[in-house]
Amino acid sequence: MGNLLMNIIIPTVIMTQLNDENRLGPVWSMLVALMFPLGYGIREYLTSRKTNFISILGLISIMLTGGMALLKLPPEYIAIKEAAIPTLLGLLTVISIKTPYPLVRTFLYNEQVLQVDKIAAALKQYGNERRFDQVLTNSSWLIASSFLLSGVLNYVLAKWIVVSQPGTPAFTAELGRMTLLSYPVIVLPSTLVLAATLYYLISNIEKLTHMAMADIMQAT
């Protein structure tokens, strides 16, 4: 709930309701709104003391949005930026398949989600390590497809909503509406693809390790 509140609800309210010149104004309302997800991301890092790759990209995205607005770049740049970051993530996911550190291990196959050591031991016991490498490769492609989907939806949503010139109340309000709609339009479909990928990964782990789901998943 805190994530939803700090990243979507509060910024949306500020950018849509406080952007008039007799309130915060278009520039200050946008900057104040951006401080909430920025501050939340920093707090999460200080609390966990772990570098989260996705959080870093999120902070970069926030700063790029603010910078583009302050520089008063044409609104189409916002659409390009919104599409570029998830598309870049998708490309990096595919490229990482050929490296010793595929990003699927960061997103899904990690110690926060799964009991990696137990799984590795069982895979070795049954001689299924090579088969599992193929499962990870397939999972990587599925994750990349979710990022590509997010990139396309990001671009379409930004192009449709953000049409006013930066520095105007209308532009700031449009950013607020885009932030609000990003959850059902972008986050939900991408989350469903990631959930399907996790199901695919776990079901194959069960087959290859002969372990039950309760032994695979980390206790919550």
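The values are calculated or read from the model by the stated rules, or taken from the named source; none is laboratory data. Being a predicted model, the structure only gives us computed values, none of them experimental. Every residue, glycine as well, gets a Cβ built from its backbone with ideal geometry; the counts of neighbours run over all protein chains shown. Areas reflect the complete protein model, heavy atoms only, side chains present, ligands, DNA and RNA absent. Shrake-Rupley method; radii C 1.70, N 1.55, O 1.52, S 1.80 Å.
Scanning region 61-112 for residues that are in contact with a Lys or Arg (Cβ under 6 Å, 6 or more places away or on another chain) and without any contact (Cβ under 8 Å) to a residue 40 or more places away in the chain turns up just one, Leu64.
Considering region 203-218, and only residues there that are in contact (Cβ under 8 Å) with a residue 24 or more places away in the chain and part of a helix (DSSP H, G or I), the residue that is surrounded by the most Cβ atoms within 10 Å (Cβ to Cβ) turns out to be Ile205. Working only within region 78-124, note down all residues that are within 30 Å of Ala212 (Cβ to Cβ), among the hydroxyl-bearing types (Ser, Thr, Tyr) and surrounded by fewer than 17 Cβ atoms within 10 Å (Cβ to Cβ). Listed by number, the residues that qualify are Tyr101, Thr106.
Taking the listed residues Thr179, Thr172, Thr191, the one that is open to solvent by 60 Å² or more (accessible area, probe 1.4 Å) and within 22 Å of Ala83 (Cα to Cα) is Thr191, with no other qualifying. Does region 139-167 hold any residues that are open to solvent by 30 Å² or more (accessible area, probe 1.4 Å), part of a loop (DSSP other than H, G, I, E, B) and either basic (Lys, Arg) or touching an Asp or Glu at 6+ places or on another chain (Cβ under 9 Å) (or both), and which are they? Val163, the sole residue that qualifies.
The condition (being modelled with pLDDT under 85 and either within 21 Å of Tyr155 (Cα to Cα) or touching an Asp or Glu at 6+ places or on another chain (Cβ under 9 Å) (or both)) is satisfied by just one residue among Ala33, Ala120, Ala84, Ala69: Ala69.
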